[in-house]
Amino acid sequence: MTSNTAQQNAAVADKAILANSAYADGRHLAARQSIYRWQRPQYDLPGIVVEELAGTSGIVLDLGCGNGKFVSRLHKDRPDLQVVGMDISAGILADVEKPVLVADAQALPFADDSADAVLALHMLYHVGDIEATIEELARVLQPDGVLIASTNSDTDKQELDRLWAKAAGDVLGISEGPARVSLSSRFSLEKASGYLGVAFQDIRVRELPGTIEIVDRAPIVAHLASYEAWADQSGVPFHETVGRVAEIVSAVIETDGSFKITYLGGILICYS
């Protein structure tokens, strides 16, 4: 692991960056989510969670709930559940359906065996100690409770990795620039079962492959620009690189008719 990668990984789990910049409000998260409108096949991720909770009753904790799209869906489709949205950022919780709590997943304000389900959707790569956090999630779960986690593969959106490295290289005047900051690599789909195995014996993985094909540069540029909170760790003038990304994507779309991105994410359903 290079020192640059180590610095990036530390920044991805930095509580101050997460609460005050990356997720101070919903703008950056919404920008990252927006490119999935063009994904084929389409996956109804909140619907999958609802499906996996079909046999669950009682209390559901949504950790790192962000802008609350899973909380909203559960309130709508499963009003019988007691859903609590939690995030380390008070700002991003402003528009999430209540009840919500500002809380750190590494030290949950809940008693042992108090939850029937815990959701950790695209957030475990943001915690400082992943294994200790998973043990904390297991602590608050009832013995027959379920943890639903999600993340992306190490191979996810490699076209964006190459795009960023090319743009960064152009800005720096070298053949290939520094790699972009990766959020999911600390807890990728390939690593997730190993981490979750510290507390859960029964782990089922639902892989969600797809292709994102976009004919307008704006969603791609917005997606990469949404990593602004980690600009200091990028190793390149961030805004200049985003500008160069826009130029490269425009040229690709003009030549090929679209910009294609390969997606691979997954949901892990875990029981003790």
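Bear in mind that the values in this text are calculations on the coordinates, not laboratory data. Please read all numbers here as calculations on a predicted model, not as lab measurements. Using ideal geometry, Cβ is built from the backbone for each residue, glycine included, and neighbour counts are taken over all protein chains shown.
Which ones in segment 131-143 are surrounded by fewer than 22 Cβ atoms within 10 Å (Cβ to Cβ) and either of a type in the set (A, V, I, L, M, F, W, C) or closer than 16 Å to Ala192 by Cβ (or both)? Reasoning before the result, please.
Taking segment 131-143 and keeping what is surrounded by fewer than 22 Cβ atoms within 10 Å (Cβ to Cβ), we get 131-132, 135-136, 138-140, 142-143.
Within segment 131-143, Glu131, Ala132, Glu135, Ala138, Val140 qualify.
I'd like to know if segment 228-251 contains one or more residues that are touching a strand residue (DSSP E or B) at 6+ places or on another chain (Cβ under 6 Å) and either part of a helix (DSSP H, G or I) or exposed (fewer than 15 other Cβ atoms within 10 Å of the Cβ) (or both).
From segment 228-251, those touching a strand residue (DSSP E or B) at 6+ places or on another chain (Cβ under 6 Å) are 249; that's our starting set.
Going one step further and asking which of them are either part of a helix (DSSP H, G or I) or exposed (fewer than 15 other Cβ atoms within 10 Å of the Cβ) (or both), we end up with 249.
Checking segment 228-251: at least one residue is touching a strand residue (DSSP E or B) at 6+ places or on another chain (Cβ under 6 Å) and either part of a helix (DSSP H, G or I) or exposed (fewer than 15 other Cβ atoms within 10 Å of the Cβ) (or both).
Confirm whether Gly85 is in contact with a Phe, Trp or Tyr (Cβ under 9 Å, 6 or more places away or on another chain) and either closer than 21 Å to Tyr23 by Cα or loosely packed, with under 14 Cβ neighbours inside 10 Å (or both). I'd like the intermediate steps shown before the answer.
Details: in contact with a Phe, Trp or Tyr (Cβ under 9 Å, 6 or more places away or on another chain): yes; either closer than 21 Å to Tyr23 by Cα or loosely packed, with under 14 Cβ neighbours inside 10 Å (or both): yes.
Spelling it out, Gly85 is indeed in contact with a Phe, Trp or Tyr (Cβ under 9 Å, 6 or more places away or on another chain) and either closer than 21 Å to Tyr23 by Cα or loosely packed, with under 14 Cβ neighbours inside 10 Å (or both).
Only one of Ile261, Ile220 is crowded, with 18+ Cβ neighbours inside 10 Å, in a strand (DSSP E or B) and in contact with a strand residue (DSSP E or B) (Cβ under 9 Å, 6 or more places away or on another chain). Can you tell me which? Outline the logic, then answer.
Details: Ile220 fails: in a strand (DSSP E or B).
On inspection, the qualifying residue turns out to be Ile261.
Each row is one residue, and each column tells you yes or no for (1) free of Cβ contacts under 8 Å to residues at least 60 places away in the same chain; (2) surrounded by 24 or more Cβ atoms within 10 Å (Cβ to Cβ); (3) of a type outside the set (D, E, K, R).
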position: Asp112; (1), (2), (3): yes, no, no
position: Gly145; (1), (2), (3): no, no, yes
position: Ala149; (1), (2), (3): no, yes, yes
position: Asn152; (1), (2), (3): no, no, yes
position: Leu163; (1), (2), (3): no, no, yes
position: Gly173; (1), (2), (3): yes, no, yes
position: Pro178; (1), (2), (3): no, no, yes
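Any chance you could count how many residues in segment 16-59 are closer than 18 Å to Asn152 by Cβ and either exposed (fewer than 14 other Cβ atoms within 10 Å of the Cβ) or aromatic (Phe, Trp, Tyr) (or both)?
9
Would you mind stating whether Gly91 is over 19 Å from Arg186 (Cβ atoms), buried (at least 17 other Cβ atoms within 10 Å of the Cβ), of a type in the set (Gly, Ala, Ser) and touching a residue at least 12 places away in the same chain (Cβ under 8 Å)?
Working: over 19 Å from Arg186 (Cβ atoms): yes; buried (at least 17 other Cβ atoms within 10 Å of the Cβ): no; of a type in the set (Gly, Ala, Ser): yes; touching a residue at least 12 places away in the same chain (Cβ under 8 Å): yes.
So Gly91 does not fit the description; no.
Table: residues versus (1) at positive phi; (2) among the hydrophobic types (A, V, I, L, M, F, W, C); (3) in contact with a Ser or Thr (Cβ under 7 Å, 6 or more places away or on another chain).
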site	(1), (2), (3)
His122	yes, no, yes
Tyr125	no, no, yes
Asn152	no, no, yes
Asp161	no, no, no
